[in-house]
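Q: Can you read through this structure? Questions will come right after.
The values are calculated or read from the model by the stated rules, or taken from the named source; none is laboratory data. A quick note: this is a predicted structure, and the numbers were derived from the prediction, not measured. Virtual Cβ from ideal backbone geometry, glycine too; neighbours counted across all protein chains shown.
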């Protein structure tokens, strides 16, 4: 079974691969977002209010909230913790992936749920 990050890469193709250097901002809290990102290589740190809340690894997806909510706002800042290679998926391609590969939606939800469980375990 493919991970969500692999599906993003397949659907978007090689032209929508974004690279970020360690320390580089990927997106900022409060901005409007156009993409969901999949980590193909590297680590990404998510901050809320300037405080680190989690570190994501290769295979994880993030930024999906901006595609799911009508305000399209980012509720965290994403910073490349290491040099990163990310697949990017816009809303049109995200909806296409869900329609053509329903398990993609389940896998994205599972990835998000796993992240939430990790965070909850760290907080409590």
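Q: Got a sec? Which of 34, 43 is at pLDDT 90 or above and surrounded by fewer than 16 Cβ atoms within 10 Å (Cβ to Cβ)?
A: On the way: 43 fails: surrounded by fewer than 16 Cβ atoms within 10 Å (Cβ to Cβ).
Selected residue: 34, the only one of 34, 43 that is at pLDDT 90 or above and surrounded by fewer than 16 Cβ atoms within 10 Å (Cβ to Cβ).
Q: Within the range 84-113, track down each residue that is within 19 Å of residue 41 (Cα to Cα) and either free of Cβ contacts under 8 Å to residues at least 40 places away in the same chain or assigned to a helix (DSSP H, G or I) (or both).
A: Looking only at the range 84-113, we keep the residues that are within 19 Å of residue 41 (Cα to Cα), and these are 84-89, 107-108, 111-112.
Within the range 84-113, 107, 108, 111, 112 qualify.
Q: Give the number of residues within the range 91-119 that are touching a helix residue (DSSP H, G or I) at 6+ places or on another chain (Cβ under 7 Å) and farther than 18 Å from residue 35 by Cα.
A: The number of residues fulfilling the criteria is 1.
Yes or no, residue by residue, for (1) without any contact (Cβ under 8 Å) to a residue 12 or more places away in the chain; (2) out of contact with any helix residue (DSSP H, G or I) (no Cβ under 6 Å at 6 or more places or on another chain):
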site: 30; (1), (2): no, yes
site: 41; (1), (2): no, yes
site: 46; (1), (2): no, yes
site: 52; (1), (2): yes, yes
site: 58; (1), (2): no, yes
site: 61; (1), (2): no, no
site: 67; (1), (2): no, no
